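Okay, so here's the structure we're looking at.
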């Protein structure tokens, strides 16, 4: 049997015949590792299963549409992120930090599917023994008799056992521990991850089995292994949250069967994960009295409007280079907003440390948080407490203008539902009709918004 030694990039999967310090494909440094490939099997045959969806050229209008039946995972928040549930034959990649609760989430989901839907499920573990999973499930109060498990890392044995059980939902934990005898590289290498993922995707499409793949993450939070792994699957989910906090968020980064950036919220308890149907009610702090530097905004995660508290602290710096620290926000965005405040509103923070935080461990990446951040900074700088029933949202441009955001009406309805009676919003986000009991202040420039809060 002939073998060939190549060097593969752990970042993009590109191969080269000799080692180099920098990958010529993606430009990453020190990512090439040695891999031994076998010529016993034609790679074109091994990977061809993922593309057998039909042959010949077809007119798109003549393609017969198939009904995509959704299978509930037993967890409404997970169904929301998936777009309404699992699609038969789909492959979902779930990534997250160690200890965040990925195994707990999938154990609860599979047992709920087997119990409620009376469907066969299978949990394949390559990291924990059967006794360890049983102990975990018993501790969480789950019904063990509703779940079949398999401890296996060999992809051939895994698929053979799965064909015998014929489950509707399959979990592989994790894809980095799976390996194929065809390749001589170790488990977790680029070649092994790509090979095993390709085999599982092909199995899912040909048998109609919905598969969850658990993926490890790197130091920067991205899923370990080749980038092609995220391209091969149908849906990519990230499970995130503060390790010392009770709340966990699951977010869809890619979804071929539903919206992206949809957010599901869970609370970690001693009995496992508990769904949070109304995250706005728990993510807001309950101050005994108004405090400076705190303002509530309405963000939008997928199709869900959600109330979050934005906090800012401006303090005289004791260092030559003042710090700009953010938690749950883009640090570069904060620096830009401070520059706009200085240039167009004469609010100088050059000699002060500025800290900005989203309460509850939520990460807000949309530009609609700009106005809330700016108001929180000014409130802390001037030690001016804001009214507790106020919400704000809006994007700030470099010229100091305030631009509208998507879903303004839904955001204000969510705020009114939770008792907020005062809102500062861009001119393009004024709803018709205005929610009952809510006073809306329209602003077009940042200095106009600051006058509303400083004049009080």
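At a glance:
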item: Percent antiparallel among DSSP beta bridges (both partners in the chain, rounded to 5); result: 55 percent
item: The range 76-222 - percent relative contact order, Cα under 8 Å, separation 6 or more; result: 34 percent
item: Overall form of the range 406-456 per C-alpha gyration tensor (a/c, 1.5; a/b vs b/c); result: oblate
item: Tilt relative to the chain, helix 408-417 - C-alpha long axis, 0 to 90 degrees, to 10; result: 80 degrees
item: Value of Rg to Rh for the chain (Rh from inverse mean 1/r over Cα pairs, i.e. Kirkwood); result: 1.03
item: Sites residue 206 and residue 257, calculated FRET efficiency, Cβ-Cβ separation with R0 25 Å, nearest 0.05; result: 0.85
item: Fewest-first ranking of 145, 128, using other Cβ atoms within 10 Å as the exposure measure; result: 145, 128
item: With Cα atoms, 0 to 90° folded angle of helix 155-165 axis to the chain main axis; result: 90 degrees
item: Percentage relative contact order, the chain, counting C-alpha pairs under 8 Å, at least six apart; result: 12 percent
item: Degrees separating the helix 102-116 axis from the principal Cα axis of the chain, which is the longest one; result: 70 degrees
item: Nitroxide proxy distance, nm - points 7 Å out along Cα→Cβ at residue 17 and residue 339; result: 4.8 nm
item: Computed lengthening from residue 384 to residue 144, 0.36 nm per intervening residue step minus Cα-Cα distance; result: 80.8 nm
item: Relative exposure of 140, 319, judged by other C-beta atoms within 10 Å (fewest first); result: 319, 140
item: Taking the range 261-372 and dividing mean pair separation by its residue count, relative contact order in percent (alpha carbons under 8 Å, at least six apart); result: 27 percent
item: Tensor-based shape of the range 76-146 (alpha-carbon gyration tensor, a/c under 1.5 rounded, otherwise prolate or oblate); result: oblate
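Readers should treat all values here as calculations from the given coordinates under stated rules, not as data from a laboratory. Small disclaimer: the values here were computed from a predicted structure and weren't measured. Because the Cβ atoms are built from the backbone with ideal geometry, glycine has one as well, and the counts that use them run over all protein chains shown.
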